[in-house]
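As structure tokens, the structure follows; a few thoughts come after it.
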Amino acid sequence: MCGRYTLKENKEKLEEWFDADGEELDRLNPNYNVAPSQSMPVVGQNRDGNRSLKPFRWGLLPFWVKEKNVGYSMINARAETLDSKKSFKPYFEKQRCLVPASGFYEWKGEKGNKTPHYIYPTHEPLFAFAGLYSMWDSPDGKEKIPTYTIVTTDANEKMKELHNRMPAMLLKEEWEDWLNPNNHDTKALKELLKPFPDDAIDFYPVSKKVGNVKNNSEDLIQPEQ
């Protein structure tokens with residue numbers, strides 16, 4: 001499960017790191033509490049191999065749904081069922097993306113008294129979550145909404161201390177295979193969606209203020225004393 005994440009880097013840093021054109025992105029402010037339904041940058045690639053950064057809304061809307069609020073229940077997609085579940089199969093085959101993230105949150109503890117933890121990369125400046133995207137058209141043709149979902153996989157050994165799932169995060173050398181719209185080898189693509197290396201992440205407890213989406217400041221990612 002991934003229900004909240006962060007993105008601190010500016011537009012220029014994202015363009016450099018992902019070798020992507022961010023022309024369609026407006027000025028990008030740090031977001032320390034990204035929540036479902038918000039618009040955030042995703043990385044896509046065309047058939048010529050050119051990458052772009054564009055704002056998409058978090059919460060996938062499959063082409064066949066009638067209401068745009070359905071996306072709230074499709075913020076994550078399990079790696080194990082991407083090639084079989086109706087909601088995700090067509091996008092897994094040809095509409096894959098990367099979701100840039102500085103880190104993400106996970107909660108641990110008993111119901112009603114869970115402590116949020118901030119998980120961050122130890123080797124690189126950013127995570128690249130595996131994602132799927134959809135360009136949804138409203139039934140009346142008046143709205144066109146670009147949306148995305150974050151793929152999840154089994155937790156690595158370190159992450160299991162917090163949760164049994166984690167975002168599927170790709171190494172830089174795996175980006176091309178995942179993004180390439182000409183790559184339809186779903187068996188090989190699923191093999192990319194493995195737990196991230198244990199030594200490539202770390203985490204610490206943070207303030208419970210992150211539970212309120214109205215809170216969005218740098219102090220949310222400061223270690224809780």
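Please treat every number below as a calculation from the coordinates, not as lab data. No experiment lies behind these values; they were computed from the predicted model shown. In this analysis, Cβ positions are derived from the backbone assuming ideal geometry, glycine residues included, and neighbour counts consider all displayed protein chains.
Phi angles of the range 56-64 translate, via the Karplus equation with coefficients 6.51, -1.76, 1.60 and θ = phi - 60°, into HN-Hα couplings of 10, 8, 6, x, 5, 10, x, 4, 8 Hz per residue; Gly and Pro are given as x.
Can you return the aspartates and glutamates within cross-link range of LYS160? Criterion is Cα-Cα under 19 Å, with same-chain partners fewer than 8 residues away left out. Correct list for LYS160: GLU80, GLU106, GLU110, ASP198, ASP199, ASP202. Sequence-ordered 3J(HN,Hα) estimates for the range 195-203 from the Karplus curve with 6.51, -1.76 and 1.60 and θ = phi - 60° stand at x, 5, x, 4, 7, 9, 9, 8, 7 Hz, glycine and proline given as x.
Which FRET efficiency value, to the nearest 0.05, is calculated for LYS142 and ASN215 with the Förster distance at 41 angstrom and r the Cβ-Cβ distance?
0.75
Estimated from the Cβ-Cβ distance and a Förster radius of 45 angstrom, the FRET efficiency linking LYS108 and LYS66 is about 0.75. Selection among PRO181, PHE92, MET169 by position relative to the dipole of the chain gives PHE92 as farthest towards the positive end (Cβ unit charges, Cα centre). Here the dipole of the range 43-162 is about 260 debye; that uses its Cα centre as origin and unit charges on the Cβ of Lys and Arg (positive) and Asp and Glu (negative). For a straight C-alpha distance cut-off of 13 angstrom, the aspartates and glutamates reachable from LYS68 (same-chain residues fewer than eight places away being disregarded) are ASP137, ASP140, GLU143.
Distances between placed amide hydrogens fall under 5 Å for THR115 paired with LYS108, GLY109, all partners being 5 or more residues away or on another chain. Past 30 Å, Cα to Cα, is the threshold; run LYS13/LYS114; LYS144/LYS208; LYS11/LYS85; LYS13/LYS94; LYS66/LYS194; LYS54/LYS172 against it and keep the listed order. Distance filter (> 30 Å) returns LYS13/LYS114; LYS144/LYS208; LYS11/LYS85; LYS66/LYS194. The dipole here belongs to the chain: it is taken about the Cα centre, uses +1 on the Cβ of Lys and Arg and -1 on the Cβ of Asp and Glu, and is about 1060 debye. Between rounded, prolate and oblate, where does the range 67-189 land on the alpha carbon gyration tensor, with a ≥ b ≥ c its root eigenvalues, rounded for a/c under 1.5, else prolate if a/b exceeds b/c? Oblate, because a/c is 1.5 or more while a/b does not exceed b/c. Of the GluC sites (Glu not before Pro) in the range 93-146, the ones in a loop by DSSP (not H, G, I, E or B) with at most 12 other beta carbons within 10 Å are GLU110, GLU143. Taking θ as phi - 60° and the Karplus parameters 6.51, -1.76 and 1.60, the scalar couplings of the range 87-98 work out to 5, 10, 3, x, 7, 5, 6, 8, 10, 9, 8, 10 Hz in sequence order, x denoting glycine and proline. Using the Cβ-Cβ distance between GLU191 and GLU161 with R0 set to 25 Å, the FRET efficiency from 1/(1 + (r/R0)^6) comes to roughly 0.45.
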